[in-house]
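First up is the structure itself, then whatever we jot down about it.
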Amino acid sequence: MKRIVILGATGSIGKNTLSVLDGMLDRYEIVGLSAKSNIRGLIETAEKYHVKTIGVTDDVDTSAVNFDGRILKGKQCLTELCDLADIVVIAVVGPDGLRPFIHCLKNHITVAFATKEAMVYGGKILRDLIDETGTDVLPLDSEISAIYQALRGNDKKSIKEIYLTASGGPFRTWDRDRIASSSLAEALNHPNWSMGRKITVDSATMANKGLEIMETRWFFDVDPSLITVVIHPESIIHSAVKYKDNSVMAQMGETDMRTPIAYALNYPDRVENVSRELDLFSRTPLTFERPDLEKFPALKLAMEAVRAGIGEQIVFNASNDRAVELFLQERIGFYDISDIIKRSLDSYVPREISTVDDIFAIDEQVKALVEDVTRGM
Ligand code: NDP
Ligand code: MG
């Protein structure tokens with residue numbers, strides 16, 4: 001039996017992971033779960049899977065809660081939970097996934113990660129730690145899983161281009177004026193994927209693809225110039241790698257996160273029918289477009305940030321995180337998100353970043369700056 005912990009168990013990836021694990025409980029024992037504040041949802045899940053240790057990162061009042069087990073509290077509960085496991089699924093939203101990620105690497109605990117913000121912040125620190133420790137790390141994000149699969153059995157030095165595919169989100173066919181006056185509900189109406197609210201807004205702005213460029217750059221340690229974003233509205237090809245002989249390896253499937261999750265949890269084996277099956281004949285034609293960087297300025301800013309360096313990546317993500325929160329509260333408009341990112345990047349003065357504390361110092365400063373800029377909006 002492998003012991004597994006799920007960080008972010010009450011979320012979209014968390015629930016999809018549990019759905020995959022339903023068919024694998026003869027091989028996996030779920031020993032820990034976390035949420036931010038949803039203690040009720042967490043206890044319900046813990047009881048269903050007989051999990052004895054749970055953690056909430058917020059300071060939730062648990063005095064009246066009835067749970068036959070241990071409840072850990074505060075951000076450090078994420079690393080404490082990791083110690084119970086052979087494999088940890090990191091599926092929290094945002095950079096708080098970074099510290100447990102590092103903890104697992106240092107302690108040789110296998111990581112299956114969805115939280116792209118952790119890779120965006122960790123960048124070279126994470127990449128170096130993965131190499132130094134040799135700890136197994138498997139991607140859950142569908143595009144990163146696709147690239148991982150397309151690279152298997154091939155020489156990384158032969159990569160000519162990585163096609164990072166994107167659906168284009170709900171505003172792909174809208175003009176800029178219409179997008180500018182879009183509502184929150186329209187931004188949350190993703191055409192293909194059902195996901196958490198934050199990443200759904202990121203898909204509408206295409207900041208999500210920007211974060212995935214950064215994730216790809218560091219997880220596979222490739223030069224950003226090799227990464228090309230391709231709009232593929234049908235979301236059947238999840239990404240592809242072109243090699244120097246002009247052969248292109250693509251990974252395809254239905255838009256079902258259980259496919260990459262099952263791949264990671266069974267790696268290197270494949271299991272039967274855990275997710276929806278692709279029928280190519282019912283999914284034609286497959287189409288491809290170049291992204292419109294005027295309509296999606298967040299993607300353009302991300303491309304500039306990844307070329308500039310890790311500091312700029314952190315600024316991009318920190319300002320986007322805070323701006324999306326404000327957008328979800330309907331305090332700012334759609335294009336205010338990219339305006340805020342741009343202002344934050346423009347005011348960033350590059351500095352030395354060698355520790356996790358350096359990373360979170362920038363995160364805090366940027367979020368405070370966004371707070372100042374948007375007060376009264
Ligand atoms: P959800 O919002 O659906 O779920 C997030 C989970 O993490 C919940 O359990 C939530 O707890 C918890 N959480 C939220 N914020 C924090 C925090 N600051 N610290 C600790 N725990 C936190 O998100 P998703 O499942 O959609 O996404 C999770 C991650 O996976 C993101 O980084 C996203 O970019 C990435 N991803 C998601 C995909 C998807 O299909 N959903 C696809 C590819 C990547 P609570 O319920 O209490 O709020
Ligand atoms: Mg993705």
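If you take the residues in region 165-206 that are within 12 Å of ligand 2 (Cβ to nearest atom) and among the polar types (S, T, N, Q), which one is farthest from Phe219 (Cα to Cα)?
Looking at the filtered set, the residue picked out is Asn192.
Failed condition for Ile162, given (1) over 30 Å from Glu330 (Cβ atoms); (2) in a loop (DSSP other than H, G, I, E, B); (3) within 16 Å of ligand 2 (Cβ to nearest atom), with all others met?
(2)
List every residue pair whose Cβ atoms sit under 7 Å apart, with the two residues 6 or more apart in sequence or on different chains, where the first one lies in region 117-129 and is farther than 9 Å from Arg217 by Cβ and of a type in the set (Ser, Thr, Tyr) and the second, anywhere, is assigned to a helix (DSSP H, G or I) and within 16 Å of ligand 1 (Cβ to nearest atom).
These pairs meet every condition: Tyr121/Pro95; Tyr121/Leu98; Tyr121/Ile314; Tyr121/Asn317; Tyr121/Ile359.
So if I check each of Thr57, Thr45, which one is within 17 Å of Cys77 (Cα to Cα), of a type outside the set (A, V, I, L, M, F, W, C) and more than 16 Å from ligand 2 (Cβ to nearest atom)? If you could, list the steps in order and put the result at the bottom.
Values: Thr45 fails: within 17 Å of Cys77 (Cα to Cα).
Testing whether each residue is within 17 Å of Cys77 (Cα to Cα), of a type outside the set (A, V, I, L, M, F, W, C) and more than 16 Å from ligand 2 (Cβ to nearest atom) leaves just Thr57.
Just to confirm my filter: which helices (runs of 4 or more DSSP H) fall fully inside region 1-113 and include at least 1 residues that are touching a Pro at 6+ places or on another chain (Cβ under 9 Å) and more than 10 Å from ligand 1 (Cβ to nearest atom)? I'd like the intermediate steps shown before the answer.
Numbers: elements: 12-21, 39-48, 77-82, 98-106.
Once the helices (runs of 4 or more DSSP H) in region 1-113 are filtered for at least 1 residues that are touching a Pro at 6+ places or on another chain (Cβ under 9 Å) and more than 10 Å from ligand 1 (Cβ to nearest atom), what remains is 77-82.
Taking Arg331 as the residue in question, decide whether it is over 30 Å from Val88 (Cα atoms), more than 20 Å from the chain's Cα centre (by Cα) and not in a helix (DSSP H, G or I). Explain how you work it out, then say what you get.
Values: over 30 Å from Val88 (Cα atoms): yes; more than 20 Å from the chain's Cα centre (by Cα): yes; not in a helix (DSSP H, G or I): yes.
Spelling it out, Arg331 is indeed over 30 Å from Val88 (Cα atoms), more than 20 Å from the chain's Cα centre (by Cα) and not in a helix (DSSP H, G or I).
Is it the case that Ala91 is open to solvent by less than 10 Å² (accessible area, probe 1.4 Å) and modelled with pLDDT of 95 or more? I'd like the intermediate steps shown before the answer.
Values: open to solvent by less than 10 Å² (accessible area, probe 1.4 Å): no; modelled with pLDDT of 95 or more: yes.
It is false that Ala91 is open to solvent by less than 10 Å² (accessible area, probe 1.4 Å) and modelled with pLDDT of 95 or more.
State all residues of region 34-51 that are surrounded by 14 or more Cβ atoms within 10 Å (Cβ to Cβ) and without any contact (Cβ under 8 Å) to a residue 40 or more places away in the chain; if no residue qualifies, say none. If you could, list the steps in order and put the result at the bottom.
Here is the first cut: in region 34-51, the residues surrounded by 14 or more Cβ atoms within 10 Å (Cβ to Cβ) are 34-36, 38-39, 41-43, 45-46, 49, 51.
Ala35, Asn38, Ile39, Gly41, Leu42, Ile43, Thr45, Ala46, Tyr49, Val51 - these are the residues of region 34-51 that are surrounded by 14 or more Cβ atoms within 10 Å (Cβ to Cβ) and without any contact (Cβ under 8 Å) to a residue 40 or more places away in the chain.
List, please: which pairs have Cβ atoms under 9 Å, are six or more places apart or on different chains, and start with a residue in region 158-169 that is without any contact (Cβ under 8 Å) to a residue 40 or more places away in the chain and end with one that is small (Gly, Ala, Ser) and outside any strand (DSSP E or B)?
Between residues of region 158-169 that are without any contact (Cβ under 8 Å) to a residue 40 or more places away in the chain and residues that are small (Gly, Ala, Ser) and outside any strand (DSSP E or B), the close pairs are Gly169/Ala187; Gly169/Ser203; Gly169/Ala204.
Could you identify the single residue in Thr255, Thr259 that is in a helix (DSSP H, G or I), buried (at least 19 other Cβ atoms within 10 Å of the Cβ) and polar (S, T, N, Q)?
Details: Thr255 fails: in a helix (DSSP H, G or I).
On inspection, the qualifying residue turns out to be Thr259.
Kindly provide the set of residues from region 170-199 that are closer than 30 Å to Lys242 by Cβ, open to solvent by less than 80 Å² (accessible area, probe 1.4 Å) and without any contact (Cβ under 8 Å) to a residue 24 or more places away in the chain, ordered by number.
Passing the criteria: only His190.
The values are calculated or read from the model by the stated rules, or taken from the named source; none is laboratory data. Just so it is clear, the model here is predicted, and its values are computed rather than measured. A quick note on method: Cβ atoms are made from the backbone with ideal geometry, for glycine too, and the neighbour counts reach across all protein chains shown. Heads up: the accessible areas ignore ligands, DNA and RNA and are worked out on the full protein's heavy atoms, side chains in. Shrake-Rupley method; radii C 1.70, N 1.55, O 1.52, S 1.80 Å.
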